[in-house]
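Asks: This is the structure I want to talk about, given as structure tokens.
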Amino acid sequence: MLLGMVLLFPVQKSVAVTFPLRWRWSNPLPHGNNTVDMAYSATLGLGVQVTERGQLYTSDNLSTWLPRDSRVTNALRAVTFFGPRIVITGESGMVLYADSVTDFRLGTLLDGPTDDWLEAVAASSQTLVAVGDNGAVYTSTNGVSWKRQASLNQWLRGVAFGNGTFVAVGENGLIATSPDGTNWTGSASGTTPNLNRVAFSGSFFTTVGEGGVTLTSTNNGLSWFSEQTGATNDLFNASNGDGTRLAIGENEVRLQNSFGWSNQLAQANGPPSWTYYANIGRQDFFLIAGRTGMMAEGYSTNDSSYYWLPSTDSIRQWLFDVTWATNLYVAVGDRATVMTSGNGIDWSLELVPDSVTNSIFLGVGGTTNLLVAAGNQGSLIISPYAETNVMLTNVVGTNVVVTNQVISKLGVDWYDVQPRPTTNDLQGVGLFGDLYLVTGDNGTVLTSPDGTNWTRRVTPTSALLSSVAASPDIVVATGDNGTIITSRDGANWALQNSRTANWIYRVRYLAGEFIAVGQNGTLMTSADGTNWNPQVSGTTRWLNDVTRIDGTLFAVGTQGTVLTSTNAVDWISRGTITAKSLYAAATDSDQLIAVGIEGIILRSQIVPDLTPVSILSYSRFESTQSSTVNNLFLFGGKADQRFTLDSRLGFETNVWSRGPLLEFYDSSGTFYYLESLPDSNAPPRQFYHGTLTP
């Protein structure tokens, strides 16, 4: 009889968080990366998505997608299965392979490194072929070692295998075929637009490209005929779902069944209008994915039409600002979007007054007593602190227990300021003592003691003042054309010399110092708000916000830019897991939150949470269908904690065997983990503990 023993040791503390930062998606879900390719293995029951900045995700149900560590930051461009092996290609000749989703390794280019991006990869039962820039063609028999073959005469964007034939497509309508990936023969496409992808669909090949071009070959690529899908925008991929074909692209989802081609976006139950890059086709089912992680599932109905459902209901409006009000994050953005979160992980969309539903909120700030959001055309809304009673009903055994809970309505209930104190666009929101300040276009500065009654102040500028911040002694507002104005009382303002013409987009007062960031990598510091020192940021990208956590400054900007500094002088580029622009940052002193385009909200736990991980339950059982012994754990902890499950066989030694790296991915703080061991190798007893890791 086999016994399993679990020791609930306090989890060993790890060292402080180090770079690179570990980022996780709070919105959209399951992630916000651009999904450029997907592959699915029915044998393994495993799906893989590849995206920018080395980010990849796997799923065993095509619904729940988990991030995996690729160990690279290169853009990932294509993925396929070679038997049970995952093979990925991408930027600058990068090739990855993995036999486990937790262990991706770099392949080797036998002819040396290359700058060519490998845009597509396909596999037969014996050979892998990757194609890309400058007509590059590489082949491999194992996914590990790759040999460059003679290049084709156009840049290549797609490759597929079927019926014993590889087909590659590329720019200017190029199509070529090969039986082995080494010897290629050109095929007349009859078209000149760039072809983006090619797919083998049951018994024929389909290639799609720019301007809605769709071509089909029923004779292994020897000849091609045009399909009239009705698409006019660029198409990026095609797939087959048991006799039904799908072509997807820029605001294009076209489906072909026995009735011909149809526009799925025009259907009553069609997918969201979006840009889609990747798709998976199975019997009576399609999964499409694209920009900012958007996914939609299509299900065949009894009348052969398809019913589409977005995989999640994530908000995708642009977010322009975010703040932390002691116990609440608030983010605002396009289409009157206001979102709140108590933990930075789970976000709720809040209702706003009807009078501002067409507003674009550009700034937000305040305190635990009052929040203020400001937007275009002088729109202002406030959320004062208030409490309400909520009745909670629970069933304990056979008893119904009703309890009363008092909750805050801060950030939930919003009221518009009427009449609007100005029609100018408003953006900066700040606080100077007990005085609320809002700044905006045409040199607008508004002040209020209560958020309801606002006074417009005279300023010495007509610039768009996009930000405002205050020390205990002085208020600073910044804006376009290098504008900086200051005030000792919020009423009387003076112009300062910034010595730059760049837009100073944001100013913050952090740890006794003003820090301003903006256009062309502008980064400036000041001890008093009047004398400013330019600093070298090392980037020409827009820097849109800056915050401070545990002695480190974090500046965020366009194209996923993140810079860090411990002294506001020397800055290091850190990057993120996305190439999308970040417009604002906030912190609860431990966690960094960054928001940006298309609703993205990223989080990173800067100060590690050292709460011990708990083993809430454990069971050990032998499988009735295979010769395995299974250990089933239920772990409890905090979201974003990672730990290794280490083990040893007894107490004769203090040597622990390092186990798998596990993570709490959501705010529930729990997950099940199943460890399966061969019956012949299963020890009669085993002791476990967890070790927190960055």
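Please treat every number below as a calculation from the coordinates, not as lab data. Nothing here was measured: the structure is a model prediction, and the numbers come from that model. All Cβ positions, even for glycine, are placed from backbone atoms using ideal geometry, and neighbour counts span all protein chains on display.
Asks: Which whole-Hz ³J(HN,Hα) couplings does region 620-628 yield from phi under the Karplus relation 6.51 cos²θ - 1.76 cosθ + 1.60, θ = phi - 60°, glycine and proline marked x?
Replies: Calculated HN-Hα couplings, in order: 10, 8, 8, 6, 8, 10, 8, 7, 10 Hz.
Asks: Still on this structure, please answer the following. Short version: ³J(HN,Hα) in whole Hz for each residue of region 290-305, in order, from phi by Karplus 6.51 cos²θ - 1.76 cosθ + 1.60 (θ = phi - 60°), x for Gly and Pro, what are they?
Replies: x, 4, 6, x, 4, 9, 9, 10, x, 10, 5, 9, 5, 9, 6, 7
Asks: Okay, next question. What does the chain give for Rg and for Dmax, in Å, if only its C-alpha atoms count?
Replies: Final numbers for Rg and Dmax: 28.4, 85 Å.
Asks: For Ser467, what residues show an amide H to amide H distance below 5 Å, using hydrogens built from the backbone and excluding near sequence neighbours?
Replies: Amide H to amide H, under 5 Å and 5 or more residues apart or across chains, Ser467 pairs with Gly428, Thr478.
Asks: Let me ask something additional. Could you give the radius of gyration (one decimal) and Dmax (whole number) of the Cα atoms in region 258-300, in Å?
Replies: Reported Rg and Dmax, both Å: 10.7, 33.
Asks: On alpha carbon coordinates alone, what is the Rg over Rh value for region 614-693, Rh being the Kirkwood radius?
Replies: Value, to two decimals: 0.99.
Asks: Return the long-range amide H neighbours of Phe82 (sequence gap of 5 or more, or a different chain), with a cut-off of under 5 Å between placed amide H atoms.
Replies: Residues meeting the amide H criterion: Val87.
Asks: Please name which of Leu29, Val144, Gln154 has its Cα lying farthest along the dipole of the chain towards the positive end, using unit charges on Cβ (Lys, Arg +1; Asp, Glu -1) and the Cα centre as origin.
Replies: Of the listed residues, the answer is Val144.
Asks: Where the centroid of each part is defined by its Cα atoms, how far is region 237-295 from region 580-654 in Å?
Replies: 35
Asks: Return the sequence-ordered ³J(HN,Hα) values of region 18-35 in whole Hz as given by the Karplus equation 6.51 cos²θ - 1.76 cosθ + 1.60 applied to θ = phi - 60°, using x for Gly and Pro.
Replies: Computed from phi, the couplings for region 18-35 are 10, 7, x, 5, 9, 9, 9, 8, 9, 6, x, 10, x, 7, x, 6, 6, 7 Hz.
Asks: Arrange the following residues from fewest to most other Cβ atoms within 10 Å of their Cβ: Ile360, Ile288.
Replies: The most exposed by this proxy come first: Ile360, Ile288.
Asks: For the residues Ser70, Ser92, Ser589, what sequence is obtained by ranking on other C-beta atoms within 10 Å, fewest first?
Replies: Ser589, Ser92, Ser70
Asks: Distance in nm between label sites at Val536 and Asn251, each 7 Å beyond Cα in the beta-carbon direction?
Replies: The answer from the label model is 4.5 nm.
Asks: Could you size up the charge dipole of the chain around its Cα centre, putting +1 on the beta carbon of Lys and Arg and -1 on that of Asp and Glu, and report it in debye to the nearest 20?
Replies: Dipole of the chain, to the nearest 20 debye: 720 debye.
Asks: Something else about it: For region 431-589, what class follows from the C-alpha gyration tensor (a ≥ b ≥ c being the square roots of its eigenvalues): rounded when a/c is under 1.5, otherwise prolate if a/b is larger than b/c, else oblate?
Replies: Taking the square roots of the gyration eigenvalues as a ≥ b ≥ c, region 431-589 is prolate.
Asks: Let me ask you something else. Could you grab the relative contact order for the chain? Cα pairs under 8 Å, six or more apart, rounded to a whole percent.
Replies: 10
Asks: Right, something else. Scan around Ile549 for amide H atoms under 5 Å from its own, H built in the peptide plane at 1.01 Å from N, and keep only partners 5 or more places away or cross-chain.
Replies: Phe554
Asks: Then there is this: Once you keep just the Cα pairs under 8 angstrom separated by 6 or more residues, what percentage relative contact order results for region 319-605?
Replies: With pairs under 8 Å counted, the relative contact order is 11 percent.
Asks: Another one. Quick one: order Phe671, Phe19 by neighbouring beta-carbon count within 10 Å, fewest to most. Don't skip to the end; give the middle numbers.
Replies: Values: Phe671 15, Phe19 10.
With the fewest neighbours first, Phe671, Phe19 line up as Phe19, Phe671.
Asks: Write out the chymotrypsin sites (Phe, Trp or Tyr not before Pro) in region 231-265 meeting two conditions: DSSP loop, and at most 15 other Cβ atoms within 10 Å of their Cβ.
Replies: Listed in order of number, the matching sites are Phe259.
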